[in-house]
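> Here it is: the structure, laid out below.
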Amino acid sequence: MAAGRGSGAREAGPPRVRESVRWGDMRRLEPVSRVFGFDRGLCIDRYYIERFLACCGEDVRGRVLEVADDAYTRRFGGDRVSRSDILHLTGTRQSTIIADLTDPDQFADRAFDCIICTQTLPFIYDVRRAARTLHDLLAPGGTLLVTLPGISQISRYDMERWGDYWRFTTCSARRLFEDVFSVEDVQVDAFGNVLVATAFLHGLASDELEPEELDHRDADYELMITVRATRAAGA
């Protein structure tokens, strides 16, 4: 087995001259915002979520199920949506389905053409069962659109209500969904770099960075993971 960071291996080579770093406003023990930047503008993770859903807009059609509310269904589906349902674990004034993704028997209908599930799976301990339920709720040919946090702070609101269990990588996301969907029907992508990861952990908003900074990708800093998975026609 090759040695890596996890094995405690040390990088070889002569000592290097250390470049001086000016921390400025970032040399602080408290973040700029503890609510992901909601109080400053569009959150950095939401920037990537909306970019992903805009690219998959044609998938938001027919009967659509969205977790928590239907904001993205309305924004990206428009006239292509024939019926919109909202899933919530405990129920809200908006929700049309009150059910648990780890208990498929709670769902009466399993014929959704699209399911939008953003930033939900980290708060479900039995994430494998939830992925299976999402697959089974789709109609044949239906599409699942999922976003997952990679680098992120704890969501205290969710931690205190249902638990905050998981962070993901493209590797774990691919494994999770390829276990229930056909391999060729799963597309996994990631957004992020060291600058946006640092900014996000401090709670800065997306408009406090330049577009080219937000859009630069570094595979070693996966801030946001996206998954597009389609249920096979015969499945």
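Laboratory data are not the source of any read-out in this text; all were calculated from the coordinates shown. Because the structure is a prediction, the values reported are computed rather than measured. Cβ: placed from backbone, ideal geometry, glycine included. Neighbour counts: every protein chain shown.
> What is the chain's relative contact order, in percent, from Cα pairs under 8 angstrom and six or more apart in sequence?
Taking the mean separation of contacting Cα pairs over the length of the chain, I get 22 percent.
> Charges at C-beta only: +1 for Lys and Arg, -1 for Asp and Glu. How large is the resulting dipole of the chain about its Cα centre, in Debye rounded to 20? All intermediate terms of the calculation are to be shown ahead of the outcome.
Working: 30 positive and 38 negative charges, 92 e Å.
Dipole magnitude for the chain comes out near 440 debye.
> Go ahead and set up a Gaussian network model of the chain, Cα springs under 10 Å, then flag whichever of 204, 42, 223 fluctuates most.
Looking only at 204, 42, 223, the biggest GNM fluctuation is shown by 42.
> Once the cut-off is 21 Å, how many percent of the Cα-Cα pairs in the chain end up in the long-distance tail?
Working: 16807 of 27495 pairs.
Taking all Cα-Cα pairs of the chain, the fraction more than 21 Å apart is 61 percent.
> I would also like to ask the following. Can you give me the long-range amide H partners of residue 43? Hydrogens built in the peptide plane at 1.01 Å from N, cutoff under 5 Å, separation of 5 or more residues or another chain.
Residues meeting the amide H criterion: 206.
> Let me ask you something else. Please arrange 213, 160 by counting, for each residue, the other beta carbons lying within 10 Å of its beta carbon, fewest first.
160, 213
> What's the Cα-based Rg to Rh of the stretch 90-160, Rh via Kirkwood?
So for the stretch 90-160, dividing Rg by the Kirkwood Rh gives 0.97.
> Please list 3J(HN,Hα) in residue order for the stretch 27-42, calculated via the Karplus relation 6.51 cos²θ - 1.76 cosθ + 1.60 where θ = phi - 60°; whole Hz, with x for glycine and proline.
7, 8, 8, 10, x, 5, 9, 8, 10, 6, x, 4, 7, 10, x, 6
> Which of 103, 185, 59 moves most in a GNM of the chain, Cα contacts under 10 Å?
Per the Cα network of the chain with a 10 Å cutoff, 103 tops the list.
> Would you grab the residues whose amide H sits under 5 Å from the one on residue 142? Only those 5+ places off in sequence or on another chain, please, with H modelled 1.01 Å from N.
231
> Report the label-to-label distance for residue 215 and residue 165 in nanometres (one decimal), using points 7 Å from each Cα along the Cα→Cβ vector.
Going from the residue 215 label point to the residue 165 one covers 3.8 nm.
> If you build a Gaussian network model of the chain, linking Cα atoms that sit under 10 Å apart, which residue out of 142, 91, 192 swings the most?
Most flexible of the set in this elastic network: 91.
> From the helices alone, meaning DSSP H stretches of at least four residues, give me the mean residue ellipticity at 222 nm for the chain, per-run term -39500 (n - 2.57), in deg cm²/dmol to the nearest 500.
On the way: 7 runs with 59 residues, N = 235.
Roughly -7000 deg cm²/dmol at 222 nm, from the helical runs in the chain.
> Using θ = phi - 60° and the Karplus form 6.51 cos²θ - 1.76 cosθ + 1.60, what ³J(HN,Hα) does each residue of the stretch 150-160 get, whole Hz, x for Gly and Pro?
Here the 3J(HN,Hα) series is x, 7, 6, 6, 5, 8, 4, 4, 6, 4, 7 Hz.
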